[in-house]
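The values are calculated or read from the model by the stated rules, or taken from the named source; none is laboratory data. Predicted, not measured: the structure shown is a model, and the values here were computed from it. Reconstructed Cβ throughout: ideal geometry from the backbone, glycine too, with neighbour counts over all protein chains shown.
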Amino acid sequence: MAEIERVIPQKSAEQFVYVAQQLRREFEKTAADVDASGAYPADNMRLIHETGLDAICFPREWGGVIGSAPNEDLEAIAEIFTELAAGESSTAQIFNVHRGLTFELFSGGAMSNERKQTLHREIMKEDARICSPAAEPTKKRFSFQTSCKPVPGGVVIDGTKYFATGCEGSRYGVAPVLMDGFSSVEDGGLHWVLVRLDAPGVTLNRDWDNMGQRATGSSSVTFNNVFIPDGSHWSGNAGGQRSNPTSAKNISGPVSQIVMAAIILGMGFGALDAMCTYIREHVRPTNPEWKDQTEDPITQHHIGRYSTMLAAARSANRDAARSVVRFMRKGGSRADVSVAMMHAKVAAIDAAMTTAGELHRLCGGQSTANKYRLDRFWRNARTLSTHDSQDVKLRQIGSYILGGVEPPANYVT
């Protein structure tokens, strides 16, 4: 394995784009095996830790590289996750969840300084990870039923969470719960807990068996009378971007979606890399006068088409990240930021799905053999792109352009 440079001193997120490019080449060597096994990508996560990339998870006052205006580095963050996902996309998704939660915990005022110091040591010295057991199978988004009851010295939680990406390799989970005495989170009942996943009463159900992003371990987690000590739980209004996502000034939705688009985009670049490698090494030339299939004009045409779609989507995502920075610095229309993000995400999905979906078209029948796992790019892109509706985004873009109807401010717009 090639030695990957550790960035010292740590000054900016942009420095880590080069590190992510190196990690991409390491991750892609074992990506097919990671997909085949579906096991937590422990080696990849260890490499992330060893290269110092955890610095993008922390504010500067905690030894990280993210400044007081956290989204100033969004373009670099998106580039980092495009590179990581091009190498192995489950790893990128797991690390992005950990990054977002870690930054929020350390930039907000919900936890005591003493608790932060302990958690910082665990992450930086022991490679501890954090996941997000948040979702519940209700028809209404954020209609949480996992209960939270005050007890002496803390709270006790009961319930089941789903899509806990990275839980199989995480030490902690950050979970939204419903405080006892409230009928809903809208009534003020939203509460957050930082729970150890090896605590008594916590069960990782290991029931993630989806076609794509197989190594994310996005299983359900059951909490049965789990005690959370004081200092590791807080009110939903205690600060952080999650406290009021519907505010016209809150851009956590576009920010998170730009990074999501970056990961999907990386899947497309990974598919293009794998396609070109397979064509060079395995595909017989359709014309005996050619040295290899790379001389085929039709193949050249399609590779050019995929590359152009991916490049355009990457440019759109960079523009969306810059629109966030402009909004932070100068204000303006949140709707414009949201639409820029939606343009980028739709373009990223289309580019990745087209590239991954047509891979076998150029690589031929032998490329469908399971030993190559080349279908993983399409499976991964299709799986992650269903996180929220692409069609709704297209309708919201059109509604804004035609009638000036602004997209709602929420977690995905």
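For region 283-301, residues that are out of contact with any helix residue (DSSP H, G or I) (no Cβ under 8 Å at 6 or more places or on another chain) and over 25 Å from ALA311 (Cβ atoms) total 4. Would you check if PHE58 is farther than 21 Å from HIS120 by Cα, touching a helix residue (DSSP H, G or I) at 6+ places or on another chain (Cβ under 6 Å) and either among the aromatic types (Phe, Trp, Tyr) or buried (at least 24 other Cβ atoms within 10 Å of the Cβ) (or both)? The answer is no for PHE58. Quick check on my filter: what residues within region 361-385 are over 27 Å from the mean Cα position of the chain (by Cα), over 16 Å from ALA36 (Cα atoms) and part of a helix (DSSP H, G or I)? Within region 361-385, ARG361, LEU362, CYS363, GLY365, GLN366 qualify.
Only one of ARG115, ARG121, ARG99 is crowded, with 18+ Cβ neighbours inside 10 Å, of a type in the set (Lys, Arg), out of contact with any Lys or Arg (no Cβ under 9 Å at 6 or more places or on another chain) and in a helix (DSSP H, G or I). Can you tell me which? Walk me through it before giving the result.
Details: ARG115 fails: crowded, with 18+ Cβ neighbours inside 10 Å; ARG121 fails: crowded, with 18+ Cβ neighbours inside 10 Å.
Of ARG115, ARG121, ARG99, the one residue that is crowded, with 18+ Cβ neighbours inside 10 Å, of a type in the set (Lys, Arg), out of contact with any Lys or Arg (no Cβ under 9 Å at 6 or more places or on another chain) and in a helix (DSSP H, G or I) is ARG99.
Look at ARG326 and say whether it is outside any helix (DSSP H, G or I) and either basic (Lys, Arg) or in contact with a Phe, Trp or Tyr (Cβ under 6 Å, 6 or more places away or on another chain) (or both). So that I can check it myself, show each step before the final result.
Numbers: outside any helix (DSSP H, G or I): no; either basic (Lys, Arg) or in contact with a Phe, Trp or Tyr (Cβ under 6 Å, 6 or more places away or on another chain) (or both): yes.
No: the conditions fail for ARG326.
Right, ARG280: of a type in the set (D, E, K, R), closer than 23 Å to TRP378 by Cα, free of Cβ contacts under 8 Å to residues at least 24 places away in the same chain and in contact with a helix residue (DSSP H, G or I) (Cβ under 8 Å, 6 or more places away or on another chain) or not? In short, yes.
Any idea which of ASP127, ASP158 is of a type in the set (Asp, Glu) and in contact with a His (Cβ under 8 Å, 6 or more places away or on another chain)?
Just a single option satisfies the conditions, and that option is ASP127.
Checked against the criterion of being within 25 Å of CYS167 (Cβ to Cβ), among the β-branched types (Val, Ile, Thr) and outside the structural domain of ARG318 (by TED's automatic domain parsing), the candidates VAL19, VAL65, VAL34 yield just one match: VAL34.
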